Amino acid sequence: MIKKWRSGWLFPLILAICLGGLSAWLGRISELDIEEVALNPNEPQYAMVDIDGRRFDGTGRLKENLSAESAWQMPKSDDVYFDQPQLVLYGAGQRLYDVKSEEARYNTDTRQVFFEKNVVLTKAADARRPAGVLKTASLLVDTQTETASTDAPVAYQYGDSHGTAKGVQYNHQQGFLNLPSRVKAIIYDPKNP
């Protein structure tokens with residue numbers, strides 16, 4: 001009877017020790033050593049070719065379309081760089097503006113696009129405003145506020161009016177075009193031809 005009692009507690013004890021050892025061994029072999037490798041700050045973290053990105057408004061209408069031959073983003077940067085970009089902005093389902101250039105930089109936090117080298121902004125005519133074209137070396141477009149600005153020299157045509165200036169500020173919501181300095185223009189009033 002004493003032998004049965006000893007074997008009664010001996011088997012569960014041996015089983016518990018074996019299962020504990022097996023559990024420790026399985027835990028050790030299933031551990032992953034994660035080593036973070038720093039990315040080269042001089043090489044892109046992401047690179048894309050022939051991109052076409054679209055953003056929609058709350059009603060599901062197309063709001064922005066950004067396409068380019070190539071794009072890349074550097075490590076730890078909020079800026080995405082583009083070659084041969086074209087940004088098309090829409091309002092209420094209608095095409096408002098096209099902006100093209102040789103290079104651009106888009107900040108993902110501020111949603112601003114900085115176009116550089118041979119920038120051409122084209123505005124389609126609508127019921128209230130004539131068509132327009134603006135050419136400059138650089139242009140900052142804020143997609144949130146629907147504004148565009150530059151301090152570089154610009155050449156523009158707005159309806160039958162045309163001219164040059166040093167810098168420009170445009171606010172689409174207000175329909176306001178400001179040419180802050182060195183303006184040379186021929187302005188035609190469509191109401192009084």
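The values are calculated or read from the model by the stated rules, or taken from the named source; none is laboratory data. Keep in mind it's a predicted model, so treat the numbers as computed, not measured. Quick note on the areas: whole protein, heavy atoms, side chains included, nothing else; ligands and nucleic acids left out. Shrake-Rupley method; radii C 1.70, N 1.55, O 1.52, S 1.80 Å.
Here are some notes:
- Computed from the alpha carbon atoms alone, the convex hull of region 61-141 holds 94 Å³ per residue.
- Helix 2-29 axis versus longest C-alpha principal axis of the chain: approximately 30°, rounded to the nearest ten.
- Per residue accessible area of the chain, 1.4 Å probe, in Å²: 70 Å²
- Computed over the chain: relative contact order in percent, which uses C-alpha pairs under 8 Å that are six or more apart: 9 percent
- Note on percent of Cα pairs over 28 Å apart: of the candidates [x] 33; [y] 48; [z] 19, the value calculated from this structure sits at [y].
- Placed amide H near Gln45: partners under 5 Å, 5+ positions off or other chain: Gln73, Met74
- Largest to smallest accessible area among Lys76, Lys63, Lys117 [probe 1.4 Å]: Lys76, Lys117, Lys63
- Listed cross-link partners Lys63/Lys135; Lys76/Lys166; Lys123/Lys166; Lys76/Lys135 are compared with a 31 Å cut-off, the Cα-Cα value being larger for Lys76/Lys166; Lys76/Lys135.
- Taking 0.36 nm per residue of sequence separation and removing the Cα-Cα distance, the Lys166/Ser23 pair yields an extension gain of 44.0 nm.
- Counting only protein heavy atoms and a probe of 1.4 Å, the accessible surface of the chain is 55% carbon and sulfur.
- Per-residue extension of 0.36 nm, minus the Cα-Cα distance of Asp78 and Ser149, leaves a gain of 23.5 nm for this segment.
- Sequence of Glu35, Glu64 from largest to smallest accessible area, 1.4 Å probe: Glu35, Glu64
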